[in-house]
Structures are given as C-alpha cells and as structure tokens.
Amino acid sequence: MFYIHCPYCAEQRSEEEFHCMGQAHIQRPENPEAASDREWGEYLFFRDNPRGLHQEMWVHAAGCRKFFNVARNTVSYEIFETYRMGEQTSVTAGTTAHGREGQVEQVHKVRRVRA
Amino acid sequence: MSNVAIFEQRAADTIAAESPLHYSLHRHAVSAQGADPKEGSAVAMDERAFLGHLIVRGTAGVLRAAIKQVVGIALPETACGLNVEGGKSIQWLSPDEWLVILPPGEEFATENALRQALGDNAYAVVNVSGGQTVLTLSGPSAHEVLMKSTPCDVHPHAFPVGRGVSTVFAKTTVLLRRPDAKHWELVIRRSFADYLYRWLLDAGEEYGITTKHTENKDNNNE
Ligand SMILES: [Zn+2]
C-alpha cells in the first residue's frame, strides 16, 4: 500500500481510494471531420507504454471523485508529482535522469510547491 | 428560481417510517445489558435516522452567501472541512460539492430557500435524504473499530474535530466525520446500511459494542 497526493483534497491518501484512468494529455483532433482515419484511430485506440517516466490520469474514486494527473515511473512506481487537470507537468525526462538523488530532489520540490 | 420539479419527499407523520437500519436494529440489536459486566462497553453505535440530507453543488463563490443566509453556517471552503452548529452540519466533499445535514423535516424548506437565494446561478441542490443514513460511534475504543475498517488515519492528530472525508470503509465507501470530540459519524448508503451495521457489530465485538434502538421518528439523539 502507498499514498497518493490528491491535488484537490490537498493531502496524501491511501492508494485504495484511487483508480488509474490511463494516459494523460491526449488531445482530441480539433476538427474530427477533417481528421484522417489514421489520426482518429490513434486518438481513440493507441496509447504509449513507456518504461520510466509516464503521465497518467487518476481519479480519486472513493474521495472527492475528481480526475487529476500523475507523473510517475512505471518501473519503480515512484510518483514524481500529481497536478490538477489543465495544468502541465514540471517533471521531464531530464529532471528524473540524474538517478535517485535527482528524483528525491524533485519530489521535495513538488511537496514544497503543493504545501 | 430555477425551473426544476421538486417535491416534499417526506411522508406525513401519520405514516410509519422505517430507516435503512430498521430491520438490522430489530434483529441484531445489542443492548448494554448484553455487554461483559466486568469489562463493560468501550464502544456504542447509534443511528441518527431520518435527518435531512442535501447535496449542494456549485462554486464556493456562488454558494457562500446563500448557504450562510439559509442554513446559518459558513461554507467549509478548505478541503475535508466540516462545520457543525446547532444540529446542522455542512461537509466539504469536493471543490464544488458539499453535503448539508439538517434536523428531520427541514430539508424541503431549506432546498426551496436555497433555490430562491441562488436564483439564476449555475448550481444544483439534490435531496438525498432517502438514500443515506448516519451512524455514530462513541466510546474510548471507537477509533480502534475504525482502524480495523478503513485505511484512513483516524489518530486524533491526523483526524481532528471538524474534519470529514469520503473514504474506503470495509470495501464500501462512507463519509467519515468528527463533529465533536466524543463522536464519530459515518454517513452510509442505504443499500450498504445493513452490511456496514453487521460489519461494525463484528469489528466491535471485542470491545463489547452496544447499540441503541431508537423507535421515535423525531428523535435525533442530540
Ligand atoms: Zn481528492
């Protein structure tokens, strides 16, 4: 069991209260009528499955029931940051690349921002 | 006033009413006499039946003044806040959603008054009184019963009076609240009421849990 920081409840809550809802920041083609079959198909069905840093949508299902974004490591399960819908992540492959120390720094930075 | 159909859901006092825990309390009540005479009872469970429950949705900016004027309590605007005053309470559920709990019979008039006060703003008021009920746990071991049932931290430092959360509880969802230092409140769904009641009896057995059976429809156990 681990804890996830809900950006709406503004506190750490048990992972049991959350559900993962798939890849975040997927943009709907602005004009679906004009989209090619390939563009539309990729929007609907194709998702990234990276090893390492990944941005996902999660929902605080048993809590406030809001969707939010999570930047996490798919190998170590470490969560770098959680942020609200409509916001952009401050975590990039660069900020997580300098190993364990860089990641810890990043997490502390995020906690300060959220506090 | 918004153009929606609302009606008085509460039956007349002449009609017998049954709370979601009517049969649970009948069949499985544990009175204080049943508790271990030496150990006594370290946790008591009671239902606060037939209260008025309103879900109010909208932004804090829209609701703030109307809630204060109609309900008479300030809207808790910080996350997981719970304001209690004079038998009424308002709990923060989400950045745009609150639960108002009122003494029995006040919900219809309050809903009407809120709609009047909110006018043409974007908001929603839904009377959910029939869909849920309130259980209280009290006694020195109440928090230990909770610790067996929920991942939520119920230590007094982590869960002070005036805090309320929606969380996982015995595989269902409840609203867990601390209206005062002596009581824990669980707002539970009608369909899970009997299950949770039995779960709590089981979890509280080692503390000599007792239940109250309040027949009186107007008794809100204040
Ligand atoms: Zn939340």
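Observations on the structure shown:
- Going from the isolated chain to the complete set of protein chains, region A:1-47 loses at least 30 Å² of heavy-atom accessible area (1.4 Å probe) at A:8, A:9, A:11, A:13, A:16, A:17.
- The number of Lys pairs in the protein assembly as shown with C-alpha atoms less than 25 Å apart, excluding pairs fewer than 8 positions apart on the same chain, is 15.
- Each Lys and Arg Cβ is given +1 and each Asp and Glu Cβ -1; about its Cα centre, chain B then shows a dipole of about 300 debye.
- Chain B: most fluctuating residue of B:199, B:98, B:184 per GNM, C-alpha cutoff 10 Å: B:199
- Average Cα contact separation per residue, region B:22-214, under 8 Å, 6 or more apart, as relative contact order %: 31 percent
- Applying the Karplus relation 6.51 cos²θ - 1.76 cosθ + 1.60 with θ = phi - 60° to region B:70-82 yields 3J(HN,Hα) values of 8, 8, x, 10, 5, 5, x, 9, 8, 4, 6, x, 9 Hz, where x marks Gly and Pro.
- Residue order by solvent-accessible surface for B:120, B:153 is B:120, B:153, largest first, with ligands and nucleic acids left out and a 1.4 Å probe.
- Relative to its residue count, the protein assembly as shown spans a Cα convex hull of 183 Å³ per residue.
- Between residue A:21 and residue A:42, the simple label model (points 7 Å from Cα in the Cβ direction) yields a spacing of 2.5 nm.
- Geometric extent, Cα atoms of region B:49-160 - Rg, Dmax (angstrom): 15.3, 48
- Descending Cα extents along the principal axes, region B:22-214, whole Å: 60, 35, 29
- The residues of the protein assembly as shown have, on average, 53 Å² of accessible surface per residue, using a 1.4 Å probe with all protein chains present.
- Carbon plus sulfur fraction of accessible area for the protein assembly as shown, probe 1.4 Å, in percent: 51 percent
- Table column - 3J(HN,Hα) (Hz), region A:41-47, Karplus curve with 6.51, -1.76, 1.60, x for Gly and Pro: x, 5, 5, 6, 10, 9, 10
- Between chain B and chain A, the total buried accessible area stands at approximately 1100 Å², from heavy atoms with a 1.4 Å probe.
- Choice from B:122, B:16, B:49 showing the highest fluctuation, given a GNM over chain B with Cα pairs closer than 10 Å: B:16
- Most fluctuating residue given options B:67, B:209, B:15, as computed from a GNM of chain B linking Cα atoms under 10 Å: B:15
- Shielded by partner chains, region B:94-122 residues - at least 20 Å² of accessible area, 1.4 Å probe, vs chain alone: B:94, B:95, B:97
- Ordered by 1.4 Å accessible area with all protein chains kept, B:88, B:182 run largest first as B:182, B:88.
- Longest to shortest principal axis, alpha-carbon extents of region A:3-102, angstrom: 44, 35, 20
- In Hz, Karplus ³J(HN,Hα) per residue of region A:4-20 (6.51, -1.76, 1.60; θ = phi - 60°; x = Gly, Pro): 10, 7, 7, x, 8, 6, 6, 7, 6, 10, 4, 4, 4, 7, 10, 10, 7
The values are calculated or read from the model by the stated rules, or taken from the named source; none is laboratory data. None of the values given here were measured: they were computed from a predicted structure. Every residue, glycine among them, receives a Cβ derived from its backbone with ideal geometry; neighbour counts consider all protein chains shown. The accessibility values were calculated without ligands, DNA or RNA, using every heavy atom of the protein model including side chains. Shrake-Rupley method; radii C 1.70, N 1.55, O 1.52, S 1.80 Å.
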